[in-house]
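The values are calculated or read from the model by the stated rules, or taken from the named source; none is laboratory data. This structure is a prediction, so every number in the text was calculated from the model and none was measured. Cβ atoms come from the backbone with ideal geometry, glycine included; neighbour counts cover every protein chain shown. Note: accessible area is taken over every heavy atom of the protein model, side chains too, but ligands, DNA and RNA are not part of it. Shrake-Rupley method; radii C 1.70, N 1.55, O 1.52, S 1.80 Å.
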Amino acid sequence: MMKSFTDRMSPSITNMIRMDHTSVLETFHQYEISSSPQLKKALVSTVCLALEIHAQLEEEIFYPAMRDLADDTSLVGKSLPEHNEIRRLIGQLHTMQPADPTYDQTFMELMRNVLHHVADEETTLLPDAERLLTDRLGELGMQMTKRRMQLMAPRVGEIASNTARSLPTSSMLVAAGAVLAGTYFAKRAMDHRHH
């Protein structure tokens with residue numbers, strides 16, 4: 001009884017993978033060629049860390065479960081070289097500074113690889129998993145959640161500093177927005193008084 005409750009409470013492994021994809025792509029969309037070096041570095045670090053953890057979780061938990069069941073394991077087989085290419089580009093970015101002439105280009109190449117990988121998984125692999133692993137999706141989701149906690153624990157400091165580094169710009173924008181809104185309303189109030 002208890003097990004089915006935890007299974008129901010935990011997102012299925014396939015939905016967790018989709019949520020990971022979405023958050024990486026949302027972070028990527030905040031990256032602009034004209035962004036400050038500080039913001040670029042924070043966004044790139046956030047994306048790279050998320051991808052490293054995501055790839056490891058898939059390789060430890062999701063792919064083996066699929067390999068046991070799928071008749072056609074070629075897609076799982078194709079995913080590993082894709083992960084390795086993603087890791088290679090992450091390694092390259094780690095050695096670069098945002099001021100490097102090829103920094104933007106390398107990050108865009110990483111994201112092209114990620115988009116391609118996400119498209120493959122979301123159109124074929126995840127629907128296959130939902131058909132083949134139906135009764136294990138919740139249990140595998142629980143496993144993935146626990147393992148994610150373990151992988152993230154040693155990197156909490158890094159995660160916090162990436163977040164802090166990517167926040168100042170957005171909070172400055174919010175503050176600037178508030179000031180602008182304030183002057184706009186003050187001006188409107190003045191206008192009304194003159195009429």
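Which condition breaks for residue 173 when tested against (1) within 19 Å of the chain's Cα centre (by Cα); (2) within 19 Å of residue 28 (Cβ to Cβ); (3) at pLDDT below 90; (4) open to solvent by 50 Å² or more (accessible area, probe 1.4 Å)?
Here residue 173 meets the rest and fails (1).
Within segment 119-133, can one find any residue that is among the β-branched types (Val, Ile, Thr) and under 20 Å from residue 30 (Cα atoms)? First the steps, then the outcome.
Step one: filter segment 119-133 for residues among the β-branched types (Val, Ile, Thr), giving 123-124.
So of that shortlist, the ones also under 20 Å from residue 30 (Cα atoms) come out as none.
No: zero hits.
Give segment 31-60 a look and list any residue that's surrounded by fewer than 16 Cβ atoms within 10 Å (Cβ to Cβ) and in contact (Cβ under 8 Å) with a residue 12 or more places away in the chain, or say none.
If the condition is that a residue be surrounded by fewer than 16 Cβ atoms within 10 Å (Cβ to Cβ) and in contact (Cβ under 8 Å) with a residue 12 or more places away in the chain, then 33, 36, 37, 38, 56, 59, 60 are the ones that fit.
Given 96, 108, 152, which one is surrounded by fewer than 18 Cβ atoms within 10 Å (Cβ to Cβ), at pLDDT 95 or above and either in a helix (DSSP H, G or I) or in contact with a Leu (Cβ under 7 Å, 6 or more places away or on another chain) (or both)?
Numbers: 96 fails: either in a helix (DSSP H, G or I) or in contact with a Leu (Cβ under 7 Å, 6 or more places away or on another chain) (or both); 152 fails: at pLDDT 95 or above.
Among 96, 108, 152, only 108 is surrounded by fewer than 18 Cβ atoms within 10 Å (Cβ to Cβ), at pLDDT 95 or above and either in a helix (DSSP H, G or I) or in contact with a Leu (Cβ under 7 Å, 6 or more places away or on another chain) (or both).
Please tell me if residue 65 is modelled with pLDDT of 95 or more and either basic (Lys, Arg) or crowded, with 19+ Cβ neighbours inside 10 Å (or both). Walk me through it before giving the result.
On the way: modelled with pLDDT of 95 or more: no; either basic (Lys, Arg) or crowded, with 19+ Cβ neighbours inside 10 Å (or both): yes.
Considered against the rule, which asks whether it is modelled with pLDDT of 95 or more and either basic (Lys, Arg) or crowded, with 19+ Cβ neighbours inside 10 Å (or both), residue 65 comes out as no.
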